[in-house]
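Below is one structure, written out as structure tokens; comments come after it.
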Amino acid sequence: MCVLIFVGTNGETYFNTVSLVSCVQNFPKSRGPVVGILKGFAGLSGAILTQIYAMVHSPDHASLIFMVAVGPTLVAIGLMFIVRPVGGHKQVRPSDGKSFTFIYSVCLVLAAYLMGVMVVQDLVPLSETVITMFTVILFIILLIPIVIPIWLSFGSEQKTPEEEALIPEPHNKEAGKSQIDADEVILSELEDEKPKEVDLLPASERQKRIAQLQSRLLQAAAEGAVRVKRRRGPHRGEDFTLRQALVKADFWLLFISMVLGSGSGLTVIDNLGQMSQSLGYDNTHIFVSMISIWNFLGRVGGGYISEAVVRDHVYPRPTALAAFQLVMTVGHVFIAMGWPGAMYVGTLLVGLGYGAHWAIVPATASELFGLRNFGALYNFITLANPVGTLVFSSLIASRIYDYEAEKQAHLHHNQNIGSFMSRVLQVGEPLKCEGSICFFLTSIIMAGFCIVAAGLCMVLVFRTKIVYANLYGKSSTSRLR
């Protein structure tokens, strides 16, 4: 079982890496929405597969394992030949904004639909026919985004003669391979580096000017191979290896902030059953379903909001991360206080904040440390989840809960003489804690660490202002004109 779990969890990591790296390379100007949508569906996939299994309605758990094993594999085999990096003008299309807005709308509809289906299935006994109808509607919503590539392939968006002359298609038949050479990197940077007056020139003259600029950039890149090591901060166009990133203060600020923020959020998710039971809630599974939806919306919303921050206001992307970490702080305080209805508000805020981490942090890492080794950088950052769980859940939450449970057991023993016999009869059963005191100190500690994480993000914001000004300042100015 240990070996199988090892293989399965690493398979999930491969799915994340392939989809994120490919899509971030294909949409370098829309990294926030891309990461937010992908990570959002990754977080919601459990609810989707659960609904599919509810339609099958098989009591045999082996059929569920078989479905989970075969389904994703068939999808990967069927789509692996068409998912590939592209370059040139295809990376930035005029319709990108509308396309992402459409997918965001589908995401919101999907989240609302799944929330409604979960609530109905929890409260009302349904027949197999109704469950099948719910699942069919779910598949229809999931297939709606396929309209976008069909429309772009057969619609009105065709290359203009200027685009053909500016960036010709490669003649190599093997251009579909994942080749991220220096020329592609330079071409992707020309939009930000070329002077504004180049756009006003005729197509032939513009092609000549861009070719000159490309040659100068290639020469500068060759000459700057040694200078890169002496630069203090990351710069657009620098592709760090993992070893180079590990010696940068910006990388560790981002990683530690991720550990503190996502670790505290994951602790709430892992202990949600005990938290809700200690506060007197009976239907604990409702909070599990709800926080999965809020997690999804946080991932999608985090990508959208962080993209608005960098595009419209030219603020560094970690600004949005700091804001979501402060939102998580409020959620932890609500859970700690144990007020009536506090779990609903707490799971909402913590779920949104936790989900936003997985949309904002990968996009930030790709911007600060480049796309060449983004897969290695992203997977190192994902170590923040187990590290945060080890610190918050194992070392803090579990020990404080056990301490409070033992204290309540001793108190009951002192108040009731017969409680000793009941404890003898319940030897081996885990102790239970009741009241807001069970997770009060844990939640306050996690709220404090979220504030620290927000502070680290603001330090990163201060350090990377110039980087984001170079990245998005010019494009924002041209768009306003």
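The values are calculated or read from the model by the stated rules, or taken from the named source; none is laboratory data. This structure is a prediction, so every number in the text was calculated from the model and none was measured. Here Cβ is always computed from backbone atoms with ideal geometry, including for glycine, and neighbour counts include all displayed protein chains. In case anyone asks, the SASA skips ligands and DNA or RNA and just uses the protein heavy atoms, side chains included. Shrake-Rupley method; radii C 1.70, N 1.55, O 1.52, S 1.80 Å.
Summary of packing: across the peptides 308-318, 1-11, the per-residue average of other C-beta atoms within 10 Å ranks them, highest first, as 308-318, 1-11. Residue-wise HN-Hα couplings along the stretch 390-400, as the Karplus relation 6.51 cos²θ - 1.76 cosθ + 1.60 with θ = phi - 60° gives them from phi, are 4, 6, 7, 7, 6, 8, 10, 4, 5, 5, 5 Hz; Gly and Pro carry x. Each residue of the stretch 356-370 was assigned a 3J(HN,Hα) from its phi angle through the Karplus expression (A = 6.51, B = -1.76, C = 1.60, θ = phi - 60°), giving 5, 4, 7, 9, 8, 5, x, 5, 5, 4, 5, 6, 7, 10, x Hz with x at Gly and Pro. If you take the Cα centroid of the stretch 269-290 and the Cα centroid of the stretch 65-121, the two points sit 30 Å apart.
For the pair I466 and V147, the difference between a 0.36 nm per residue extended length and the Cα-Cα distance amounts to 111.0 nm.
Here the simple spin-label model places points 7 Å from the Cα toward Cβ, and for D402 and V345 these points are separated by 3.3 nm.
Given a 1.4 angstrom probe, what's the average accessible area per residue across the stretch 237-393, in square angstrom?
Details: 5080 Å² over 157 residues.
With the other protein chains kept in place, the stretch 237-393 gives 32 Å² per residue.
Available extension along the chain between L74 and L431 is 124.0 nm, counting 0.36 nm per residue and deducting the alpha carbon span. If a spin label sat at a point 7 angstrom from the Cα of L395 along the line to its beta carbon, the backbone N atoms of the stretch 249-289 nearer than 15 Å would be those of 256-257, 259-261, 263-264, 267.
Phi-derived couplings, Karplus 6.51 cos²θ - 1.76 cosθ + 1.60 at θ = phi - 60°, listed residue by residue for the stretch 110-115: 5, 4, 5, 5, 5, 4 Hz, with x used for Gly and Pro.
Projecting label points 7 angstrom from Cα along Cα→Cβ for V288 and F81 puts them 4.1 nm apart. Extending 7 Å from the Cα toward the beta-carbon at both D122 and L383 defines two label points whose distance is 3.7 nm.
Solvent-accessible area of V333, probe 1.4 Å, all protein chains present, reported in Å² to the nearest ten, please. Answer for V333: close to 50 Å² accessible.
With 23 Å as the limit, write out which pairs from K29/K98; K248/K465; K39/K248 have Cα-Cα distances beyond it, or answer none. Walk me through the intermediate numbers first.
Details: K29/K98 14 Å; K248/K465 16 Å; K39/K248 26 Å.
Pairs exceeding 23 Å: K39/K248.
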